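First up is the structure itself, then whatever we jot down about it.
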Amino acid sequence: MSDLDYDVVVVGAGFGGLATALELSRRGARVALCESLSYPGGCASTFRRGGFAFESGATLFSGFEPHQLFGRWIREHALDVTVDWLDPVVELRTPGLRLPVTRDRARFIESLCALPEAPAPAIRRLFDLQSQVAGTLWALFDDPDLLPPFDLRALFRHAARLHRYAPLARWLGRPLGAVLEHLGLSRFTPLRTYLDALCQITVQCSAAEAETPFALAAMDYYWRGTGHVRGGIGQLAWALARAMEARGGTLMLANRVKGLSRQPGHWQVDTRRGVLRARHVVANLLPGGLMRLAGLSPERVGSMRVLSERVAEGWGAAMLYLVIKAPDAVSREASHLELVRDEQAPFIEGNHVFMSISGEEDTGRAPEGHRTVTTSTHVPLRKLGAMSTEEQGRYIADIQARMRESLEQLTPEWMPHVTKVLPASPRTFQRFTQRESGAVGGVPRRAGLSHYRQLGPLRVMKGLWLVGDSAFPGQSTLATAVGGVRTAASVARES
């Protein structure tokens, strides 16, 4: 196969694609990374409009401790990335509650226990169980060699850890709501609000619905190397792309892939700049997008059809990108606020808003004395897709009006100082990120055993792979990157 252009073509420079390309380049493969946009990062990118730089999505990023994947890469590849450790990591706000989530886990648990009428012993039992489960599952992220595909050494290591997996067995296939009911916590509103908000942005559904092991692991997200990348998460995306190039990979930005076709012994990749040939293609796309790109019928790849249908049960994002003159009393650091206007209503459509605010040291993102702010809320894709274009416009405008009302009520220190507003629909989000339908978050992890059927790299057919938040382990920047590393190992094994 030495006459082929590349060993692997990676389609899409989100963090799943970046990780796959970097790891394969490190292993000595000839890799081309194609991206439709002029910048890398996908849903976790930093884009520029009108002289301002915004995070594409309002979110937090983990994995920056020295022993974690991003922390190791920063050190091993000498990445030009500075991580700021925030405290609090995020602050939950409702009309009657302000709950800072501190970097000190024990301190945060005690703050929950100190709330009026808090059932403190039950809260502590919940977090004891959560610590056991999260400690077991996060260890797999910290050491991706423990994830599929398994070699003999990994199997021996898992055998030695079997006792750690015991707490998982009781709750497999059951919702976190059942755990809360079992512990007598389902009526303690501050905890339920915190968990519903956290689950909505991590496992993409409410705590009452969420598959328990996924939700208990997600509850540790704020304490697992979560930090702010100075200048925006796009700085990390660019650094990973350059590290791949330094190891011989080829970065092709503004090079949209128009089609994939299987040829004898290789894949043909039709791009805006011409035709590429490779033994393997790794697509950092949604499953429906990959099927269309490769001309695969749902009947031919039934697993991809099912996965695509599950993605469609998830969310798009309605956004407000803001420029704000920083009030005198606010912190100089970047900050993140999670806002819930009505704890009894669904945490979507402007009732629940996540807000990411740049810091003073994020130079180049806004003029001196100003901050750029990304705010987002979830929009049901099924509901949106059933509407006409005109209906969609009215629907999104109503959601953005509710977002403004939530922001004005719950962030009174910020909103009087807004100088610029850029509203964005899921369609706009798609344009900024090349994310089909403006979808965010991948597959909602509602309770059920189906999540455990594909616990490894997703090989669609010979030489064709899917990475990203639709494939295991999915659903965070760190998870998509870890999935990319494991996919690279599988590709290398078949090469």
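The values are calculated or read from the model by the stated rules, or taken from the named source; none is laboratory data. What you see is a predicted model, and the numbers here were worked out from it, not measured in a lab. Note: ideal-geometry Cβ built from the backbone for every residue, glycine included; neighbour counts use all protein chains shown. The area values use the complete protein model at the heavy-atom level, side chains included, leaving out ligands, DNA and RNA. Shrake-Rupley method; radii C 1.70, N 1.55, O 1.52, S 1.80 Å.
Numbers at a glance
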{"item": "Gyration tensor over alpha-carbon atoms, the range 395-442, equivalent ellipsoid semi-axes in Å", "result": "25, 12, 10"}
{"item": "Point-charge dipole on Cβ atoms (K/R +1, D/E -1) for the range 1-152, about Cα centre, debye to 20", "result": "520"}
{"item": "Dipole in debye (nearest 20) - the chain, about Cα centre, beta carbon charges: Lys, Arg +1; Asp, Glu -1", "result": "1380"}
{"item": "Whole-number accessible area per residue in Å² for the range 339-495, which is evaluated in the context of all protein chains at 1.4 Å", "result": "40"}
{"item": "Loop-resident sites, the range 400-454, for trypsin sites (Lys or Arg not before Pro), counting at most 13 other Cβ within 10 Å (DSSP)", "result": "453"}
{"item": "Unit charges at the beta carbon, dipole of the range 377-495: most positive-side option, 458, 379, 423", "result": "458"}
{"item": "Accessible area of the range 227-271 belonging to carbon and sulfur atoms, whole % at 1.4 Å probe", "result": "43"}
{"item": "Options 101, 150, 121, ranked by Cα towards positive dipole end of the range 71-186, top entry (Cβ charges)", "result": "121"}
{"item": "Diffusion coefficient, µm² s⁻¹, Stokes-Einstein with Kirkwood Rh over alpha-carbon pairs of the range 87-182 at 4 °C and 1.567 mPa s", "result": "81"}
{"item": "Exposed-loop-free span, longest in the chain, where GluC sites (Glu not before Pro) count as exposed if DSSP calls them loop and at most 15 other C-beta atoms lie within 10 Å", "result": "118-298"}
{"item": "Cα-derived Rg over Rh, computed across the range 257-319 with Rh taken as Kirkwood radius", "result": "1.05"}
{"item": "Unit charges at the beta carbon, dipole of the chain: most positive-side option, 481, 363, 280", "result": "280"}
